[in-house]
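**Q** Supplied in structure tokens, the structure appears directly below.
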Amino acid sequence: MPNRTSLPQTNKSYLITGICQCELPVELIFEVLSHLPLKNLAVFPVVCREWLEFIKENESTIYHNAAQFHNFVPASSSSQRLHEALKELYSQRSLQGVNSWKELCQRRLQIQQSWLGNAPSRIVRHHTSPNRRVHRIKVDELAGFIITTSQSGGLAVTDINTDQLLWSLPETYVRAYAHCEYSNGYIIFDRFTSEKEIWRLSSIDSVSADSSSSLPDTIQTQIPPDGSHPGLFKPHALLQTPEPTRAYRFVYPTLLVAAFERVYLYDVPSARLVQIIENIQPLTTNISLGTLNYVDLSARHVFLCGGHALRVFDRGTGRAVLTLPSNKFVYGRWGYRLETGPRNESAMGSVLVEHEMEAIMCGPGTELNQYFDEFVAVHVSPCGSHLVGLLSSSRLIIMPHFERAIHNQMDIFDLTLDVQLGSPHAQSVYLAYENNRVAVVTGTALFIVHLPPFAPSSNFPATPPPIRVFRVFSFLNPERLGSASCLQMSDTGIYLNCKPSFGDDADDDDDDEDDDELDPEMLEDAFWDSIADQATYAVLPNGDYMVITDDHGVGHTMRSSDVYSVDFVERYYS
């Protein structure tokens, strides 16, 4: 039970009409009310005049307690300092019009309901000037900006609400198709060499690097940034790995940089190499990672996603502790797929459509042959306990409390959930994981998967865990979806880049790109037809199977690629 703030001094006791017929201490009433669902709490003032007066007199305390109970704010927060308690938790765009604890509870409930299709949402196009050919996206809602790199080079930081250019580095400085990482005020992007540039917000105090080799070079310190806030970021460090690298991921304070045979871990504030994990493709297991497609990390583990397998390493020992090959017909005890029946209607103004899910209990299978797919992405939950991997054939593999398999507390097959997101012909494009929600772009749709609160257990669930799957109604054109090269999630929205759609208010000269835009009703019908697709595969000479997917994408070379967001803050745009 959360700690409570000090309660107002009063000698009154009130009768809880409809709950009991005796007077209770006011402290106990506060405790009872804090456990109520917010919708029920909102109707209490209409029960009777006594309740109306009680709620009115103690509204701040009641809703502050409710905010603590529902984990909107920490239990230690003060009821007297609303904005001070919220400024480090929520963005200004989500707090617009919030001036009381009651309004905070209402806003948080509205955002939650919008993610579930029960309240309005909308799609917004961000031009992110000057990068009209966006390649990578990073979003900081608290700071209020979007960071993008471009297909033609350059890096831009723009205001999340106005698209005003705040800070940028020119095309001649940041390479074309540069990957970009960002967290806690640090931007990291790669040069054509294996070097990684690190820039930090000017408001962050500098930490002296342990080695002069990681200090910014002359090129980095002399480049003049542009924009309305040219001093927004400062050079922080230049990391030089001893060999070419393929993938990297930054989860503050650690940067993971992966080469073919080893992984380097750097502490970014100090620009110091803290660990090297060797032999990431051991031959002793007969399963190599293959070409690295994606990497992630948590406080305890490193996650490497290759074409042949998904592998987990313990950061403490540097050893591989879990390997999931990409050659299985069935991955988990519970399998899910979209039903082809009528869709669930969302609230008026919502851009989401919920799908009914069919869950099937599966056996591990005894097939002599193998079914080769490819892992294209991996993400771990912010708490480090749950793992999701994405196969190329629009299959989402969910492993709640995956460490149970590492510690032999549960078989990996029994804890894994295998979710087919629409047609297996559709090629997977991108994966994101935040706030117990997973977003997936495939060749047929943009999906949102809501995960239940997973309870640790040593037994596989006797009933299928109740995952909920939504898709964004207007994102159905395979060509546009295939052109996406980045996907990000935040507290209040989803951000992805793709080529503009016909009918968007484009202020560029790329109208010819929209001439082949397909009819929305035809796309909707095609999507529903595709749900019934069966996997297509090629049979190899040894009898193994290789999955075949349709590449509907236009590649990532486009004359225009803008950032789109699905916004779930109703007050922000109402």
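**Q** Specify the residue that is nearest to the chain's Cα centre (by Cα); the eligible residues are those in segment 334-356 that are in a strand (DSSP E or B) and of a type in the set (D, E, K, R).
**A** Out of the qualifying residues, it is GLU354.
**Q** Report every pair of residues separated by at least 6 positions or lying on different chains whose Cβ atoms are under 6 Å apart, first residue within segment 66-85 and outside any loop (DSSP other than H, G, I, E, B), second aromatic (Phe, Trp, Tyr) and at pLDDT 80 or above.
**A** Pairs that qualify, where the first residue is outside any loop (DSSP other than H, G, I, E, B) and the partner is aromatic (Phe, Trp, Tyr) and at pLDDT 80 or above, are ALA67/TRP101.
**Q** Can you find a residue that is among the hydroxyl-bearing types (Ser, Thr, Tyr), modelled with pLDDT under 95, closer than 27 Å to GLN488 by Cα and surrounded by fewer than 19 Cβ atoms within 10 Å (Cβ to Cβ) anywhere in segment 179-199?
**A** So far as segment 179-199 goes, yes, one or more of its residues are among the hydroxyl-bearing types (Ser, Thr, Tyr), modelled with pLDDT under 95, closer than 27 Å to GLN488 by Cα and surrounded by fewer than 19 Cβ atoms within 10 Å (Cβ to Cβ).
**Q** Since GLU50 meets every condition but one in (1) surrounded by fewer than 20 Cβ atoms within 10 Å (Cβ to Cβ); (2) more than 14 Å from ARG108 (Cα to Cα); (3) out of contact with any strand residue (DSSP E or B) (no Cβ under 9 Å at 6 or more places or on another chain); (4) not β-branched (Val, Ile, Thr), which condition does it not meet?
**A** (3)
**Q** Is one or more of the residues making up segment 347-358 farther than 30 Å from ASP544 by Cβ and free of Cβ contacts under 8 Å to residues at least 40 places away in the same chain?
**A** For segment 347-358, residues farther than 30 Å from ASP544 by Cβ and free of Cβ contacts under 8 Å to residues at least 40 places away in the same chain: present.
**Q** Just one of LEU310, LEU324 is touching a Leu at 6+ places or on another chain (Cβ under 7 Å), of a type outside the set (Val, Ile, Thr) and closer than 22 Å to GLU181 by Cβ; which is it? Step through it out loud before you land on a result.
**A** Working: LEU324 fails: closer than 22 Å to GLU181 by Cβ.
Selected residue: LEU310, the only one of LEU310, LEU324 that is touching a Leu at 6+ places or on another chain (Cβ under 7 Å), of a type outside the set (Val, Ile, Thr) and closer than 22 Å to GLU181 by Cβ.
**Q** OK, next. Checking the conditions here, which among LEU15, LEU41 is at pLDDT below 70, crowded, with 16+ Cβ neighbours inside 10 Å and farther than 30 Å from PHE145 by Cβ?
**A** LEU15
**Q** Now for a different question. If I go through segment 145-204 residue by residue, how many of them are of a type in the set (A, V, I, L, M), touching a strand residue (DSSP E or B) at 6+ places or on another chain (Cβ under 6 Å) and not in a strand (DSSP E or B)?
**A** Total meeting the criteria: 3.
**Q** Filter segment 402-453 down to the residues that are part of a strand (DSSP E or B) and either of a type in the set (Ser, Thr, Tyr) or surrounded by fewer than 18 Cβ atoms within 10 Å (Cβ to Cβ) (or both) and list them by number.
**A** Within segment 402-453, SER428, TYR430, TYR433, GLU434, ARG437, THR442, HIS450 qualify.
**Q** I'd like to verify a number: residues in segment 88-114 that are without any contact (Cβ under 8 Å) to a residue 12 or more places away in the chain and more than 12 Å from GLU570 (Cβ to Cβ), how many?
**A** So the count comes out to 1.
Every residue, every condition in (1) crowded, with 17+ Cβ neighbours inside 10 Å; (2) hydroxyl-bearing (Ser, Thr, Tyr), yes or no:
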| site | (1), (2) |
| --- | --- |
| LEU297 | yes, no |
| PHE313 | yes, no |
| ARG319 | no, no |
| TYR331 | yes, yes |
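**Q** Take LEU255 and tell me if it is assigned to a strand (DSSP E or B) and either of a type in the set (A, V, I, L, M, F, W, C) or in contact with a Ser or Thr (Cβ under 9 Å, 6 or more places away or on another chain) (or both).
**A** Against the criterion (assigned to a strand (DSSP E or B) and either of a type in the set (A, V, I, L, M, F, W, C) or in contact with a Ser or Thr (Cβ under 9 Å, 6 or more places away or on another chain) (or both)), LEU255 qualifies.
**Q** Oh, and also: Taking the options TYR266, TYR331, name whichever one is in a loop (DSSP other than H, G, I, E, B) and more than 22 Å from the chain's Cα centre (by Cα).
**A** Values: TYR266 fails: in a loop (DSSP other than H, G, I, E, B).
The match here is TYR331.
**Q** Please verify whether ARG125 is over 20 Å from the mean Cα position of the chain (by Cα) and touching a residue at least 60 places away in the same chain (Cβ under 8 Å), treating the condition exactly as stated.
**A** Considered against the rule, which asks whether it is over 20 Å from the mean Cα position of the chain (by Cα) and touching a residue at least 60 places away in the same chain (Cβ under 8 Å), ARG125 comes out as no.
**Q** Can you go through VAL312, VAL321 and tell me which one is in contact (Cβ under 8 Å) with a residue 60 or more places away in the chain and farther than 30 Å from ILE494 by Cα?
**A** Matching residue, one of VAL312, VAL321: VAL321.
**Q** Can I ask one more? Do we find that GLU103 is at pLDDT below 90 and among the acidic types (Asp, Glu) in this structure? Lay out the reasoning, then the answer.
**A** Values: at pLDDT below 90: no; among the acidic types (Asp, Glu): yes.
Answer is no for this residue.
Residue-wise test of (1) under 19 Å from ILE531 (Cβ atoms); (2) touching an Asp or Glu at 6+ places or on another chain (Cβ under 9 Å).
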| position | (1), (2) |
| --- | --- |
| ARG395 | yes, yes |
| HIS401 | no, no |
| SER423 | yes, yes |
| VAL429 | yes, no |
| GLU434 | no, yes |
| ILE448 | yes, no |
| VAL469 | yes, yes |
| PHE473 | yes, yes |
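**Q** Still on this model: On the basis of being at pLDDT below 95 and within 12 Å of TYR495 (Cα to Cα), does ARG125 make the cut?
**A** Details: at pLDDT below 95: yes; within 12 Å of TYR495 (Cα to Cα): yes.
When the stated conditions are applied, ARG125 passes them.
**Q** Additional query: Is there a residue being surrounded by fewer than 18 Cβ atoms within 10 Å (Cβ to Cβ) and not assigned by TED's automatic domain parsing to the domain that holds TRP51 anywhere in segment 144-157? If you could, list the steps in order and put the result at the bottom.
**A** Applying the first criterion (surrounded by fewer than 18 Cβ atoms within 10 Å (Cβ to Cβ)) to segment 144-157 yields 144, 152.
Next cut, not assigned by TED's automatic domain parsing to the domain that holds TRP51 only: 144, 152.
So far as segment 144-157 goes, yes, one or more of its residues are surrounded by fewer than 18 Cβ atoms within 10 Å (Cβ to Cβ) and not assigned by TED's automatic domain parsing to the domain that holds TRP51.
**Q** Further, regarding this structure: Would segment 173-193 turn up any residue that is free of Cβ contacts under 8 Å to residues at least 60 places away in the same chain, of a type in the set (S, T, N, Q) and closer than 28 Å to VAL274 by Cα?
**A** yes
**Q** For the structure I just gave you, tell me whether ALA445 is within 19 Å of VAL124 (Cα to Cα) and in the same structural domain as GLU354 (by TED's automatic domain parsing).
**A** Values: within 19 Å of VAL124 (Cα to Cα): yes; in the same structural domain as GLU354 (by TED's automatic domain parsing): yes.
Against the criterion (within 19 Å of VAL124 (Cα to Cα) and in the same structural domain as GLU354 (by TED's automatic domain parsing)), ALA445 qualifies.
**Q** Could you check ASP373 against (1) crowded, with 20+ Cβ neighbours inside 10 Å; (2) charged (D, E, K, R); (3) closer than 30 Å to GLY117 by Cβ and say which number it fails?
**A** If we test ASP373 against (1) crowded, with 20+ Cβ neighbours inside 10 Å; (2) charged (D, E, K, R); (3) closer than 30 Å to GLY117 by Cβ, just (3) comes out false.
**Q** Now, a different point. For segment 481-505, how many residues are of a type in the set (Lys, Arg) and either at pLDDT 90 or above or under 21 Å from GLN112 (Cα atoms) (or both)?
**A** Final tally of qualifying residues: 0.
The values are calculated or read from the model by the stated rules, or taken from the named source; none is laboratory data. Since this is a predicted model, take the numbers as computed values, not measurements. Neighbour counts run over all protein chains shown; Cβ positions are idealised from the backbone, glycine included.
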